[in-house]
Amino acid sequence: MLNPGIKGRLEQVVTPDLSAARIGSGLVEVFATPMMIALMERTCNESVLPHLEEGQGTVGTHVNVSHSAATPVGMRVWCESELLEVDRRRLVFSVKAYDERGPIGEGTHERFVIDTAKFQAKALGK
């Protein structure tokens, strides 16, 4: 069952493949904003998976975050999430990202609970 208060935490090391220069979101070898957002989404998703029924998953629908500090390649980063609100199938999370020197980003992220097979079939029908 999904209830507010579910927390998640994931970490990774910033590799060249996660840099702004490599993915095309900038020219420098620092943790790319889209990759920070991907880490936030993954953290939220994985935190609630054990609480879903078989055949269910979640999809991201809204991201409202700031990326406030650069992180160089080679440094460890992590995200912490907390489920703040459950409104039927809509889930609202608080997300915060850090590197070894302190906070690097924060905000909110929304996801919806889906029936994965039905969702995939609908998408393929486009």
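Could you list all residues from the stretch 65-114 that are among the acidic types (Asp, Glu) and loosely packed, with under 14 Cβ neighbours inside 10 Å?
GLU85, ASP87, GLU100
Taking the conditions exactly as written (closer than 20 Å to LEU2 by Cα, touching a helix residue (DSSP H, G or I) at 6+ places or on another chain (Cβ under 6 Å), at pLDDT 95 or above and part of a strand (DSSP E or B)), does VAL86 satisfy them or not?
no
State all residues of the stretch 14-37 that are closer than 20 Å to SER66 by Cα and not in a loop (DSSP other than H, G, I, E, B); if no residue qualifies, say none.
Those that are closer than 20 Å to SER66 by Cα and not in a loop (DSSP other than H, G, I, E, B): LEU18, SER19, ALA20, ALA21, ILE23, VAL30, PHE31, THR33, PRO34, MET35, MET36, ILE37.
Please name all residue pairs, on different chains or six or more residues apart, with Cβ atoms under 6 Å, provided the first residue is in the stretch 71-100 and is at negative phi and the second residue is of a type in the set (D, E, K, R) and outside any strand (DSSP E or B).
From residues that are at negative phi, the pairs are VAL73/GLU29; MET75/GLU100; ARG76/GLU100.
Being free of Cβ contacts under 8 Å to residues at least 60 places away in the same chain and open to solvent by less than 40 Å² (accessible area, probe 1.4 Å) is the filter here, so list the residues in the stretch 27-59 that pass it.
VAL30, ALA32, ALA38, LEU39, THR43, SER47, THR58
The values are calculated or read from the model by the stated rules, or taken from the named source; none is laboratory data. This is a predicted model, so every value here is computed, not measured. Note: ideal-geometry Cβ built from the backbone for every residue, glycine included; neighbour counts use all protein chains shown. SASA here: full protein model, heavy atoms, side chains in, ligands and nucleic acids out. Shrake-Rupley method; radii C 1.70, N 1.55, O 1.52, S 1.80 Å.
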